Structures are given as structure tokens and as C-alpha cells.
1. With the Cα gyration tensor of segment B:58-135 in hand, convert its eigenvalues to equivalent ellipsoid semi-axes via √(5λ) and list them largest first in whole Å.
2. Label-point separation (nm) for residue B:79 and residue B:125, each offset 7 Å from Cα along Cα-to-Cβ?
3. Say each of residue B:70 and residue B:202 gets a label point 7 Å from the Cα, pointing the same way as Cα to Cβ; how far apart are those two points in nm?
4. Under 19 Å from the 7 Å Cα→Cβ point of residue A:3, by amide nitrogen: which residues of segment A:62-77?
5. Using only C-alpha positions, report the orientation-averaged shadow area of the convex hull of segment B:316-383, nm², one decimal.
6. Averaging over every viewing direction, what projected area does the convex hull of the Cα atoms of segment B:63-274 cover, in nm²?
7. Please report the equivalent ellipsoid semi-axes of chain A, computed as sqrt(5 x eigenvalue) of the Cα gyration tensor, largest first, in whole Å.
8. Per Stokes-Einstein, at 37 °C and 0.692 mPa s, what whole-number D in µm² s⁻¹ belongs to segment B:280-409, with the Kirkwood radius over Cα pairs as the hydrodynamic radius?
């Protein structure tokens, strides 16, 4: 599903250049649940941004579902993001003047799906994350966990190939974190490919595979026994 | 361009502007105020324009009065201070020698310039009224509205010196009972019986005429008051395309040569040039129209710039939202067109509201001033002006929307998402 070969990325900081990614190689198969771990500055967010086509690598190859991702202009990147990727952010990034349902329906709007169908599909995914009753509430009326579940529903709504989660539990307490991870595991059980960036060990162990990043290179890439989050809920 | 007609685009835009009500309202007020000022000002200017035109509609715009005074310079052996008198012969000489003259009406009056008005009697009722001796051509220079069933003096009246008269509205109400038809009745004017042939409607239009004036044929006047060849004053209308100021000078110099007055003598003949006054007033009205146009457009401009300003701030506020939209798959063009359409939509809505409000205000002012002496009538804004304003608003709304739209997509989605 995801294939990365010799990925390099550096940022210019004035006259200095900060080499963040120093040759990353890895592949992720369809249906995997991968945790990307590392301390701050290890390059994990940069990697996720490149995977999410929000940022571009300096060199190296990136193939997503057989499609080479290279030399994208903004318009093309936006179309690929819409078609291939679902984002889950640490700070939820819901649009505050739209109701939960409208937030979930937003990626479908950019797929030019008619309003009625949009709303039906949004309701379906809201139901899946257990927030059907909250569909017409604004994000400000929801708790942190609920907001993240809306965000997950939004990421799912476009039926992407890969879900990218950037510290999905970073702003949540541990109980809520486990609820969110439980949801992510369930989505993975249905065969979706998910990449989770985290620096929390317990969250990482709820995935099936952990990639340890350190100073811009992969330090360790291990398969782990998945810890089900449902036992903590 | 399909997105403009896409229902979904508009639903998204309505969602965005409908849920940011304060922002929307503040934005709208700026342009609404601008277009309101524009409509109200240009409509009022037009109303003033119409009002002046209405006030002058009874008098030919390019007409003048000329009368004789006394000389202020000695000339050809005549001493200074000689009293001059216009004569009937002057009329044909003027017609021949001043080509700009379209119509010329010699007039005489009694009871207007300080002398005693005529005693007019009908049975037991009587009153003192001004009497005018007129030619039918006078109505070509100053329109006289005659009530149904009546007429003004005609050529036969002149030829036969008929004893007929046209009375005023007030004369009628003072000398006749309410249900009495004055047409055909006889009244006594300075002991001579005159048959009434018409009642004229008084329209205020400058000059010294009133609603009680009595008009009789010039030739009859001459016999009645023994004026011989004398003419009180001349009312002259120039051709529409003629220069009235030049015509006035020509008329006076011809009169000076007939009456053997020094060509340099400015005080021998008096004149009042309605055309010149009219031109000055119309020039004022045109200036008002122009001014209101400039002020109005400037105000619209200020309003639209206000919209741009608020949208720019709102784009800054919405950086994160726009970043999320782009992460979810909005292309830069979709983001841009959304912001531009928001701008245009707000501008147009505000504009239409302003037009309606302006029109309502104009009709309110109209109903207040209607029938009053204030020269103000039918204040309208020509449709091309309104459409022009709308087009200006759409164009400016688009242009001004481009700035925040460009700003919105100039930030990378990744940076937009990072912004807290």
C-alpha cells in the first residue's frame, strides 16, 4: 500500500540546514496498523506530513497504492489527499461553525457528492463512532473524546486508502485515549490501513507494528502483539 | 465556471456566511450604506433637476423680457435722461434684424407696474385686477393652461378688437358663484363689457403674473386705455439652438439704433433673460447630479474596500479552517472561489438591500415634498445608473475578494494546520 525508498528531507533555518529525514525506507501492506514512534525532533511528524502530501520530500520515492507521488502541484495534491487519505489530528481541527455531521460531510463536498447523499453517509459514519445523537451539535458542545471521534468519522467518510493519525490521543486523558484507540483498532479490523504517530508507549503497543525513529533514521522496525484497547475501556 | 451555478457551492457559502453572523452583518452594512448614499443622493439630485424643470415648464426656457427705460448718455443731440417708449413698429424691425428670434409678443398691462388696476364688476360682485393686452403668440412663449370649454385670445379677436377676455382662477372664484359657468358671461372691465372666453389655470413659474390676471386682445387694450402704438414690454423667445445671451444683446442693440440711443448706453433698455437664469439653475442641478454620482461611487468604493478588509481579517482568522479544508481535499481554486464568491455575494446582497432602502427613502422624501413649493419632483435613479452600480459592485467585490483569496492559498496547508 505504502512504499517509501530513501526519503530525505531537510529544512532551511536561515543559513543552516536541518536534515530531518536521512533516508527512510519502509513499506506498509494493506490492512496494517503501524505506529511511528520517536522523541520530539526525531522526524516522525515530518514523515507523516510527507506521507499525507502536505509536505514534499527533497529526494526519494513515495508510492501510494501503486501511484507514484511526485512533483505534485497544490491542486493535484489536494485531489490525491481527498481520494487516498484521511487525516486525524492531535487538535481535532474540526470547523467550529459546522455541526458534527457537516464536519464529517466536508470531504465528501470536495468529492462533489450531492448534499443529500453527503448527509446520509456522514450519518452512517457518525453512527459507527457512536455519535449519531450528537450529529447536530457544534464542536464546542462536544467533549475532547467526542471531537476526536467526529474527526475519525470525517477521516473515514471519504473512504480513503490510508488513515493518517498525528498524535490522535495527544490532547486526551488516558481513558478517552483508550476509547479512541479502541475505535481505531475496530476500523483497522475492517481492513483499513492506518498509520499512527505517537510518542506514548502504551498507544504504540495497541498497534500491530512499531517503527522507531531516531534522528531522522529508522532505528527499529518491529512487529508487536497487539494490545486491545477494549480491555481498558 | 460551473461551480457558480452549482447548488452545493452556494450551500457551502451560505453555511459559511450564515454562521458567522456578526461578520456578515458588519460586512454588509459597509456596502449597504455606500449604495444607499449613492441611490439617495443621485435620486435627490434628479428630483431637484425635475423640480426645476417643472417650475419652468410653463415658460419657454430661452425666453426674455425687454422693456424701455430712460437714457443715461447724451446722443445725437438728445440729452441724457430721455424717457424711451417701445412702439409697435419695433416688433417687425426686431423680427427682421435678429434671426435668433422665434416668437415675439408685444404686451401691455394695467395694474402691474404701480398704476391702478382695473375695476372689474360682475353683478353685485367686484374687484380690482391687473389687465394684460396680449397677442395669441404670447402662449407660444409662456404656456397658458386654459380650463376645458375655454380658449385663449385668437387672431380674430385681435383683428376685430373684440371685447373678450380670459380671466384667472381667482377672478372666477371671486366674481362668480361656485356652480356658475363663467364662459360666455359678461363682466364689466373699467365700464366696458367683456365676454369671458376662457379661464386660465395659474402655474407658478416666476415673473409677475398671478392667478387673478385678466387677458384681453392687444388691440382692444389699445382702444380701452388709449395706448396708441405704445408697447409696455416685449416677450421674446429665441430658437432652441440659439445663444440666448447673444440674442439679448442683439435685441437691445437693434432697439438702441431704432430709438437713437448711444450704443454704449447700458441703461436705456432693461431686460430679464429667463434662458440665462434657467441655464444657471440647470447647471447647478447638473453639478449636483455629478457631485452625487462622485460621492456615491466613492462611498460604494469605501464600502467594498471595507468588505475586502473584513474578509482579509476573516481569512487570517480562518487560516486553520482553510488549512483543514485543504487537507481534506479542497483545491486552491476551490478555496479561492469560495472566498471570492463570499465577497461577491455579500456585496450584491448588500447592494440590493441598499438600493431598496434608497428607493424607499426617495419615495418617502417625495411624498413629503409633494405639492410643496420646494422644487423637487419625481426623484428617480435611471436604471442604467442602478445596473452600473451593481456591475461596479460585482467587479469590485471580485477584485477585492482576490486579495484575501490569494492570501488564503498562499499559506501552505501544513503551515495553516500548525497555526494555533
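Coordinate-derived values only; no laboratory data. Keep in mind the model is a prediction, meaning the values are calculated, not measured. For neighbour counting, all protein chains shown are included, and Cβ atoms are generated from backbone atoms with ideal geometry for every residue, glycine included.
1. 31, 21, 11
2. 5.2
3. In this crude label model, residue B:70 to residue B:202 measures out at 3.3 nm.
4. A:62-72
5. 7.2
6. 12.2
7. 28, 21, 16
8. Reported coefficient: 192 µm²/s.
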